[in-house]
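Right, one structure below, let's go through it.
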């Protein structure tokens with residue numbers, strides 16, 4: 001019983017991280033019509049930057065949350081620069097844009113390997129979130145519960161942003177019909193930069209707060225990118241609700257798969273994706289049919 | 001035009017002669033081995049180019065197909081089966097996987113196709129990495145010996161090179177015939193005008209499916225050569241990086257050309273072998289080349305260099321004619337052609 005409960009909490013935690021990662025991925029896909037293959041790298045860069053700030057850059061050590069904020073901003077800036085100076089040069093050529101993001105992801109992976117080496121970095125759990133919380137006979141790490149809370153807050157904030165603000169309305173308009181959005185005076189290309197920076201920042205943030213749980217290692221990018229892909233194919237592109245539900249589903253399948261069928265965990269993960277592709281190609285909550 | 005095609009035939013004959021004589025003019029076995037690598041990667045790239053270049057379907061899961069063939073033959077050999085059985089078994093596994101991949105991925109085109117093939121490739125990678133009882137995980141599977149078909153010792157660099165060369169030439173002929181066949185034309189039609197092709201009564205899905213199968217067959221052949229060459233297979237071979245490398249060969253060389261993928265394969269293999277002797281950062285360089293080619297020379301190195309060459313030559317001629325026209329005495333009009 002305890003085993004299942006702990007597994008379920010871990011699944012929701014992992015789902016929360018995946019939501020932070022895939023919400024941006026989904027928005028970028030929805031708006032710009034490209035799968036951003038650097039998304040796993042942005043997650044990893046966020047994790048490495050954060051870990052580096054915490055361990056200390058030239059003797060200045062930082063508190064976990066300060067490091068998280070700085071790493072997030074840095075990754076968001078990288079995302080904005082990528083969009084502004086590389087992807088912008090290839091307007092309308094989705095294939096070329098995808099290939100550029102693929103090339104960048106290799107550069108990022110090798111950069112991390114060069115700077116931080118091949119050994120995993122362990123990130124300390126932030127102060128005050130170290131212990132366990134006991135519910136009956138089961139004990140849950142506080143930090144995991146905290147991740148769930150953080151993800152929930154971000155989900156609510158993102159929903160507010162997209163559903164209740166002018167910027168959100170413009171983004172939704174851009175997702176649904178970019179040409180018409182341009183016609184009514186929305187500067188869609190500016191939205192691209194904003195959404196790319198937002199998505200990158202979210203991915204980087206997910207990376208740093210995932211650090212204490214997953215640890216930070218080379219190959220983290222290639223572990224996370226397919227998960228984001230599965231979430232978005234499951235949930236549908238450009239849909240926040242889709243990312244949310246997809247993340248939770250993938251979180252559960254991933255954790256239960258790891259525990260019950262460790263050898264086939266990766267394979268089991270892709271089964272629901274295949275089912276969705278066959279029966280509902282636009283995803284569970286998809287707005288846009290590629 | 002006939003002058004063009006004569007020059008072309010001479011160039012082809014010269015290339016053929018150079019390839020046949022290669023073990024005699026290469027300075028050592030290391031270079032012969034690198035040449036063998038170029039050959040089987042060229043077959044791999046030719047296979048991918050059928051989809052990317054002629055079908056307009058960009059696959060990021062081809063290393064999965066390549067790897068599963070290599071795994072299947074290595075596994076069958078490790079079970080103690082003979083080379084012929086292992087090769088046939090690997091081809092069956094590979095074509096079966098290709099059929100499943102194609103059926104799933106062809107539910108979409110364009111970006112959707114890329115995403116699905118990427119995910120499928122990652123499944124194979126995940127299985128190779130995690131299904132340790134079958135694949136040996138990170139330790140991979142060793143292949144004890146290369147076969148000796150018809151008395152040719154594939155264990156020796158020259159024997160392997162010539163075998164790879166023969167298979168490579170067959171692959172080039174097959175792809176050439178394919179490109180010029182009605183099937184090839186139909187595939188290009190589905191790339192450029194799928195709806196019109198549909199309206200004309202072509203079964204677009206079936207054309208794409210069989211293109212996937214042909215691409216899978218070439219990939220499988222390359223995969224078998226690869227596993228006999230390295231005599232080892234590990235999850236690395238099926239990774240996304242490997243898929244991207246072969247895609248780079250196609251895109252760098254020039255998709256939808258016959259020569260492009262071959263030049264691309266040679267370029268990537270040589271750069272990788274030479275560069276990794278000096279620096280460790282092959283992946284960084286790979287990524288940088290990728291970005292540079294996509295942004296600066298999107299049509300590929302072969303057509304791109306041809307374009308730049310023409311432009312440069314024209315500019316050079318123009319400047320020269322201007323200089324000549326402006327110099328000293330007014331001469332009778334220079335032919336500026």
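How far is helix A:94-116 tilted, in degrees, relative to the longest principal axis of the Cα atoms in chain A, given as a value from 0 to 90 rounded to the nearest 10?
Long axis of A:94-116 versus the principal axis of chain A: about 30 degrees.
Which FRET efficiency value, to the nearest 0.05, is calculated for residue B:195 and residue B:100 with the Förster distance at 45 angstrom and r the Cβ-Cβ distance?
FRET efficiency, residue B:195 to residue B:100: 0.95.
Inside 10 Å of the C-beta atoms of B:117-125, what's the mean count of C-beta atoms belonging to other chains?
For this peptide, the per-residue mean of nearby foreign Cβ atoms is 5.
Looking only at other chains, what is the average number of their beta-carbon atoms within 10 angstrom of each beta-carbon in B:236-247?
Averaged over the peptide's residues, the number is 2.
Once the convex hull of the C-alpha atoms of segment B:1-59 is built, how many Å³ does it hold per residue, rounded to a whole number?
Cα convex hull per residue, to the nearest whole number: 96 Å³.
Relative contact order of segment A:215-262, please, whole-number percent, based on alpha carbon pairs below 8 angstrom and at least 6 residues apart.
This gives 24 percent for segment A:215-262.
Can you pull the Kirkwood radius for segment B:77-117, inverse mean 1/r over Cα pairs, to one decimal in Å?
For segment B:77-117, inverting the mean 1/r across all distinct Cα pairs yields 11.8 Å.
Averaged over A:224-236, how many beta carbons belonging to a partner chain fall within 10 Å of each residue's beta carbon?
So the per-residue partner count for this stretch is 2.
Provide the gained length on full extension for the span residue B:278 to residue B:296, in nm with one decimal, where the gain is 0.36 nm per separating residue minus the Cα-Cα distance.
Separation in residues times 0.36 nm, less the Cα-Cα distance, equals 3.9 nm.
Along the three principal axes, how long is segment A:206-290 when you take its alpha carbons, biggest first, rounded to the nearest angstrom?
Cα extents, longest axis first: 36, 28, 18 Å.
Could you check the spin-label model distance between residue A:115 and residue A:176? Points 7 Å from the Cα along Cα→Cβ, value in nm.
That separation, rounded to one decimal, is 4.1 nm.
How are the C-alpha pair distances of segment A:36-116 spread across 10 Å bins, as whole percents from the shortest bin up?
Spelled out bin by bin, segment A:36-116 gives 18, 44, 26, 10, 1 percent.
For segment B:182-278, what does the equivalent ellipsoid look like in terms of its semi-axes, each the square root of 5 times an eigenvalue of the Cα gyration tensor, given largest first in whole Å?
That gives 32, 16, 11 Å for the three semi-axes.
Need one number for segment B:91-166: average projected area of the convex hull over its C-alpha atoms, nm².
With every direction weighted equally, the projected area is 7.6 nm².
Going highest first, how would you order A:261-274, A:51-64 by mean Cβ packing within 10 Å?
Per-residue Cβ counts within 10 Å, averaged per peptide and sorted highest first, yield A:261-274, A:51-64.
Across every pair of different alpha-carbon atoms, what Kirkwood hydrodynamic radius in Å does chain A reach?
19.3 Å
Under 1.5 on a/c is rounded, so check that first for segment B:1-121, then, if it is not, pick prolate when a/b is larger than b/c and oblate when it is not; a ≥ b ≥ c are the square roots of the alpha carbon gyration tensor eigenvalues.
It is oblate, given that a/c is not under 1.5 and a/b is not larger than b/c.
For chain B, modelled as a Gaussian network with Cα springs under 10 Å, which listed residue fluctuates most, B:254, B:55, B:201?
Of B:254, B:55, B:201, the Gaussian network model singles out B:201 as fluctuating most.
Please list the radius of gyration and Dmax for the protein assembly as shown, considering alpha-carbon atoms only, with Å as the unit.
26.5, 104
Exposure proxy check: B:203, B:62 ranked by fewest other beta carbons within 10 Å?
The most exposed by this proxy come first: B:203, B:62.
Which of B:274, B:172, B:302 moves the most in a Gaussian network model of chain B with Cα springs under 10 Å?
Top of the fluctuation ranking is B:274.
GNM, chain B, Cα, under 10 Å: largest mean-square fluctuation among B:193, B:37, B:231?
The residue with the greatest mean-square fluctuation here is B:193.
For the residues A:215, B:239, what sequence is obtained by ranking on other C-beta atoms within 10 Å, fewest first?
A:215, B:239
How big is chain B by Rg and Dmax over its Cα atoms, in Å?
Rg and Dmax of chain B, Cα atoms, are 22.4, 86 Å.
Can you give me the convex hull volume of the Cα atoms of segment B:145-238, divided per residue and expressed in Å³?
Normalising the Cα hull of segment B:145-238 by residue number yields 120 Å³.
Which value in Å is the Kirkwood Rh of segment A:110-194 over different Cα pairs?
Every distinct Cα pair counted, the radius reaches 17.1 Å.
What is the P(r) of segment A:106-254, as percent of Cα-Cα pairs per 5 Å bin from 0?
Percent of pairs per bin, in order: 2, 8, 12, 18, 17, 15, 13, 8, 4, 2, 1, 0, 0.
Rule-based calculations on the coordinates, nothing more; no lab input. Note that the structure is predicted; figures quoted are calculated from it, not measured. Glycine gets a Cβ as well: all are built from the backbone with ideal geometry, and neighbour counts include every protein chain shown.
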